[in-house]
Amino acid sequence: MDSSAVIQNIHRDDEGSKMGMWLFIFTELLLFAGLFIVYSIYRYLNPAAFALAAEQLSVTIGTINTIALLISSATIAMASSSIRLKNKKLTLFLLLVTIIMAIVFMVNKYFEWMGKIDHGFFPSSPTLQSLGSGDTLFFGLYFFMTGLHALHIVIGIVLIAIVFIRVKNNSITDNNPVLLDNSGLYWHMVDVIWIFLFPLFYLIT
Amino acid sequence: MENQETTWKHVSFREHKGKYKGILAWILSTDHKRIGLLYFYTIIGFFLTGVCLGLAMKLELLAPGKTVMDAATYNAIFTLHGVIMIFLVVIPGLPAVFGNFMLPLMIGAKDVAFPRLNLLSWWVYVFGAIVALSSLFMQGGPPDTGWTFYAPYSFKTSTNMLPAVLGAFILGFSSILTGINFIVTIHRMRAPGMTWFKMPLFPWTLYGTAWIQILATPILAVTLMLIAGERLLNIGFFDPSLGGDPILYQHLFWIYSHPAVYIMILPAMGAISEIIPTFSNKSIFGYKVIVISTLAIAFVGYFVWGHHMFTSGMSGTALYTFSILTFLVAIPSAIKVFNWVSTMHKASIQLDPPFFWAVSFLFVFMIGGLSGLALGALSVNVHLHDTAFVVAHFHYIVFGGTGFAFMGAIHYWFPKMWGRMYNTRMATTGWIFFFIGFNTLYLPMFFLGVAGMPRRYYDYVDRFHGPNIISTIGSWVLFTGLMIIIVNLIHAAKNGPVASKDPWGGKTLEWTVDSPPTFENFEEIPVVEKGPYDYR
């Protein structure tokens, strides 16, 4: 007599779950909103230093990462549709592409960060301190914001991997796709945040 | 499944046998009532810890100079008192205990929308508390910045800031999860017929609170992460020597922490809005106005954070704006007070302990609220900033407001939660001691503040001696009252006479189920036809 299971069966409410996910996404956006406030204030106070520092970042790597995330967002949305068409094989393939794109993003990020650190651009490094406070703040924000975003990517990879396994062993099916949909919502949120981070750090020079 | 339901029929949630036995049946339970009680026991534990720290501070202030502890210990103690009381007791207090227990009962649901998430939020709360309190036992000593963790001291001090900051961060998660859960529950799980404006007022205030929890807490989370970043990586956002700005920290901190004050007070107002009509045997005056003022407080509360920083350095325009908005946010609170008083007008009042707590709430909340207006005025604020006046104001609102409402709520819902009745004479005695002690403790601090005694000092000049003695004696009277109340309730929970379904004559849905409720709350989901306070 599994009491909690009984309750969950009675109270399955997909609309409710999605609503909960949307509320959670609000909280995530607000988490980043605090950082965007910090960014805009320091950009306003140090316009020249921020513009110059942004030139240190590689637009190519940033663009590749943006494309990778956009593709992954498309594939997970397609996975939500394909599970409703009862095409398990296609769903699994699309989820796999999503995960691979996320990993591509992380690998790129790793090389990008390592490159910056090799050149002495990391928080409180002597190079940055010699350049002045504008650069210190720019790279502080860069590492903090893209780092927090990368953490969300990692969480997303784990989440989508769980969804992958559950689709595989049929615990997510066309009549119970809400976890897949919610992971998709989460993933789009991560994508949208990147869409803002990319121009703010890479393109405004 | 039908069979199972009949076998559960008259077993209270306390005796219900689930998958686990013993203590596991509680700490792994997804039943909202058990989770509510789990929160209750943990919060009371932390509350008593915080009370002891408060008593120690008052003891130190009994005489000028070093009385029982040195300055560093005093700094650590007021920080811990603040962190424990704010993050571990008052913010989760009413929503997590009574919200969890009563929300589904009051809206006619069998549980909250996400029972497992609910259990998770308790575990996250406990984990956050352990992390925060671990700072006590590590080398370096407990943090000494005050609960506000102001930069730049919070990343310069050698004490254990990181655990405290991370603990508060984790506790924020718990708060967010509870908020999401309550919003979805209220949107999706109201009983058939219970339209928005037929919902009792306590769920309404929980709804407002939940929105503040999910919209404000993330800002605190990111601010605390930035403090951690300052300490670990030297990112320099708040460090003037690296180009950062410590004032920005204050802004970010209060963007969360001012709305957090409304997280503390709104559910307290909700509980009072339940108690007063029940004991007045009269429907609440101006139901819709109370609802709208709840939402107005939740909304305007976002835009007043600057009034914590009148002396920190802001533009004149910002000062005026924040001051005006601060006066504005007082209006909906005052409207509620008028509504509560009007409810009692020409009512047949039952004089029972919950009602005493409710009216004393009105008394202390008025003092707290009006002294808040004094602080919201720009010129007066410059004089009173960082004095004992602020401490007195804050405690009149948070201890007097939320604390009295918590006490009222526990006396009101005790028969429902434990299924037994307490001794009302003893409860009243406890209340008298508590009320007198409370005012003796905090009223002198208004005068001390006006006279210029700064807060957060372990020492003071001789002319402040008299009021400080009165204040310290007040703390002992208050503690006596608290002990009487606790002994009374513990005794009642074990040996009190069995309570009926509706001992006070309440009309909301939680009084239609057994005391204590069965595991399923309602064997059949009720259909709501009338408003919540259908007295006469």
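Here, each number is a calculation from the coordinates, and none is a lab measurement. These numbers come from a predicted model, not from an experiment. Note: ideal-geometry Cβ built from the backbone for every residue, glycine included; neighbour counts use all protein chains shown.
Could you give the dipole magnitude of the protein assembly as shown about its Cα centre, charging the beta-carbon of Lys and Arg +1 and that of Asp and Glu -1, in debye to the nearest 20?
1220 debye
Quick one: of A:K18/B:K33; A:K86/B:K19; B:K33/B:K288; A:K86/B:K110; A:K18/A:K168, which pairs are farther than 31 Å apart, Cα to Cα?
Working: A:K18/B:K33 25 Å; A:K86/B:K19 35 Å; B:K33/B:K288 29 Å; A:K86/B:K110 33 Å; A:K18/A:K168 22 Å.
Over 31 Å Cα-Cα: A:K86/B:K19; A:K86/B:K110.
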- Message: Let me confirm one metric for peptide A:25-32, namely the mean number of other chain beta-carbon atoms within 10 Å of its residues' beta-carbons.
- Response: 6
- Query: Out of residues 5 or more away from B:T387 or on other chains, whose amide H comes under 5 Å of its own, with H placed 1.01 Å from N in the peptide plane?
  - Reply: B:R455
- Task: For segment B:78-225, give the magnitude of the charge dipole about the Cα centre (Cβ charges: +1 Lys/Arg, -1 Asp/Glu; no others), in debye to the nearest 20.
- Result: 400 debye
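Could you list A:L45, A:L151 so that the one with the fewest beta carbons within 10 Å of its beta carbon is first and the one with the most is last?
Working: A:L45 15, A:L151 10.
Result, fewest neighbours first: A:L151, A:L45.
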- Scattering profile of segment A:3-203 at q = 0.09, 0.11, 0.12, 0.13 Å⁻¹ [log10 I(q)/I(0), Debye over alpha-carbon scatterers]: -0.42, -0.59, -0.67, -0.76
- Note on the structure: Taking r as the C-beta separation of B:R231 and B:A318 and R0 as 51 Å, the FRET efficiency to the nearest 0.05 is 0.95
- Could you work out how far the C-alpha centroid of segment B:38-113 sits from that of segment B:483-502, in angstrom? 22 Å
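For the protein assembly as shown, what does -39500 (n - 2.57) per DSSP helix run (n ≥ 4), summed and divided by total residues, give at 222 nm, in deg cm²/dmol to the nearest 500? Could you put the intermediate results ahead of the total?
Details: 27 runs with 510 residues, N = 741.
One gets -23500 deg cm²/dmol as the mean residue ellipticity at 222 nm.
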- Message: Over 20 Å intervals from 0, what percent of Cα-Cα pairs in chain B sits in each interval?
- Response: 22, 57, 20, 1
- Note on the structure: For the protein assembly as shown, shape from the Cα gyration tensor axes a ≥ b ≥ c, cut at a/c of 1.5 then a/b versus b/c, turns out oblate
- Message: Which residue, B:F435, B:G172, B:V300, has the largest displacement toward the positive end of the dipole of the protein assembly as shown when charges sit on each Cβ (Lys, Arg +1; Asp, Glu -1)?
- Response: B:F435
- Taking neighbour Cβ counts within 10 Å as the exposure measure, how do B:E274, A:E112, A:E15 sort from fewest upward? A:E15, A:E112, B:E274
- For segment B:342-498, with equal point scatterers placed on the C-alpha atoms only and solvent neglected, what are the log10 I(q)/I(0) values from the Debye formula at q = 0.21 1/Å, to two decimals? -1.24
- Task: Anything in chain A that counts as a DSSP H helix reaching 18 Å or more along its axis (C-alpha) with Kyte-Doolittle mean of at least -1.0? List them, would you?
- Result: A:14-45, A:59-84, A:88-118, A:133-168, A:178-198
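Under the 0.36 nm per residue contour assumption, what length would be gained going from the current alpha-carbon distance of B:L28 and B:S12 to full extension? It would help to have the intermediate numbers written out before the result.
On the way: separation 16, 0.36 × 16 = 5.76 nm, distance 1.75 nm.
Fully extending the segment from B:L28 to B:S12 adds 4.0 nm.
Helices from chain B with mean Kyte-Doolittle at least -0.5 and a Cα length along the axis of 30 Å or more, per DSSP H: which? Walk me through the numbers on the way to the answer.
Working: long enough: B:32-60 (41 Å, 1.05); B:161-188 (41 Å, 1.54); B:201-233 (47 Å, 1.31); B:246-280 (50 Å, 0.97); B:316-344 (43 Å, 1.26); B:353-376 (34 Å, 1.68); B:424-451 (41 Å, 1.18); B:465-495 (45 Å, 1.04).
The answer, listed by residue number, is B:32-60, B:161-188, B:201-233, B:246-280, B:316-344, B:353-376, B:424-451, B:465-495.
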- Note on the structure: Relative contact order in percent for chain B (Cα pairs under 8 Å, 6+ apart) equals 19 percent
- Query: Per-residue mean of other chain beta-carbon atoms within 10 angstrom of the beta-carbon, peptide B:212-223?
  - Reply: 4
